Amino acid sequence: MAYINAVTLSMQPVGFPRVFKARCRGKWLVIQSRKIGDLFFNRTWAEYTKGFGNPVLGDYWIGNDIISYVTNSGNYRLKVELTTWDGTQHVFKYTSFRVGSPSDGYRLFLQDFKGFWGVTNFTSNDSSCPSADTCSSGQTFSTCDYGGESHCACANGGGWWYGPNCTELGLNSWYPGTGHCDVNSGQYECCMKYAGMEGENCGLNCVLEKVEMMIAK
């Protein structure tokens with residue numbers, strides 16, 4: 001897999017206790033990448049905290065401790081690039097992105113949505129969100145072994161900022177062809193998906209083949 005305009009760097013922000021590797025695309029720091037499907041994302045709270053995967057060659061999650069530390073050190077934006085199962089590409093941005101402290105469950109804070117190519121918001125205070133229950137802003141992080149919506153993480157195969165409705169949004173959920181995601185048999189409720197493109201119960205139109213999340217000042 002070739003990552004265009006991407007480099008991998010060893011980093012240690014001032015005051016952060018350890019060195020970590022991450023992929024950068026220009027000014028953007030990639031915090032999550034799922035383009036190959038070579039990595040199991042149904043991980044523990046401890047693994048999501050520290051991060052896992054291979055930022056040099058494969059899929060990875062940079063780590064909630066890193067995301068929290070970096071985004072609380074300044075004003076950061078979020079950009080998400082999506083490719084659906086049929087090959088359609090989408091991009092959306094938030095001009096304000098922050099993840100809270102471990103004591104607050106790595107709570108997600110998003111503001112000022114900027115969408116492109118038909119993608120709608122996933123902040124719960126915006127009317128364009130499919131429904132309040134599907135939206136992630138304001139939610140704490142959950143994994144299968146920890147968090148207020150741990151049942152969602154177990155069912156969907158990955159940690160995320162789940163609302164009470166588990167299945168409409170999860171960029172770390174089962175990759176197509178793994179776990180409870182079989183697009184050939186119509187079993188895609190728990191797939192890696194984003195309902196903001198089509199609305200609730202959007203089915204195969206929301207199943208994702210590739211996702212990359214990145215942040216920058």
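Which of the residues that make up region 94-108 are crowded, with 18+ Cβ neighbours inside 10 Å and either outside any loop (DSSP other than H, G, I, E, B) or without any contact (Cβ under 8 Å) to a residue 24 or more places away in the chain (or both)?
Y94, F97, R98, V99, L108
What tally of residues in region 14-31 results from selecting those that are in contact with a helix residue (DSSP H, G or I) (Cβ under 9 Å, 6 or more places away or on another chain) and closer than 23 Å to Y94 by Cα?
Residues meeting the conditions: 3.
Name the residues in region 139-198 that are closer than 19 Å to V99 by Cα and among the polar types (S, T, N, Q), would you?
If the condition is that a residue be closer than 19 Å to V99 by Cα and among the polar types (S, T, N, Q), then Q139, T140, S142, T143, S150, N172 are the ones that fit.
Suppose we filter G74, G15 for residues that are modelled with pLDDT under 95 and surrounded by fewer than 14 Cβ atoms within 10 Å (Cβ to Cβ); which single one remains? Working first, answer last.
On the way: G74 fails: modelled with pLDDT under 95.
None of the other options fit; the residue is G15.
When only residues in region 56-69 that are within 18 Å of A6 (Cβ to Cβ) and buried (at least 22 other Cβ atoms within 10 Å of the Cβ) count, which is farthest from the chain's Cα centre (by Cα)?
In the first step, residues of region 56-69 are kept if they are within 18 Å of A6 (Cβ to Cβ); the result is 56-62, 66.
From what's left, buried (at least 22 other Cβ atoms within 10 Å of the Cβ): 59-62, 66.
Details: D59: 12, Y60: 11, W61: 9, I62: 11, I66: 14 Å.
In this case the residue turns out to be I66.
Could you grab me the full set of residues in region 14-45 that are hydrophobic (A, V, I, L, M, F, W, C), farther than 26 Å from P176 by Cβ and in contact (Cβ under 8 Å) with a residue 12 or more places away in the chain?
In the first step, residues of region 14-45 are kept if they are hydrophobic (A, V, I, L, M, F, W, C); the result is 14, 16, 19-20, 22, 24, 28-31, 36, 39-41, 45.
Next, only the ones that are farther than 26 Å from P176 by Cβ stay: 14, 16, 19-20, 24, 29.
Within region 14-45, F16, F20, C24, L29 meet the criteria.
Please state which one of Y48, Y60 is touching a residue at least 24 places away in the same chain (Cβ under 8 Å), touching a strand residue (DSSP E or B) at 6+ places or on another chain (Cβ under 6 Å) and over 21 Å from A216 (Cβ atoms). It would help to see each step written out before you state the result.
Working: Y60 fails: over 21 Å from A216 (Cβ atoms).
Just one listed residue meets the conditions, Y48.
The values are calculated or read from the model by the stated rules, or taken from the named source; none is laboratory data. Just so you know, these numbers come straight off a predicted model, no measurement behind them. A quick note on method: Cβ atoms are made from the backbone with ideal geometry, for glycine too, and the neighbour counts reach across all protein chains shown.
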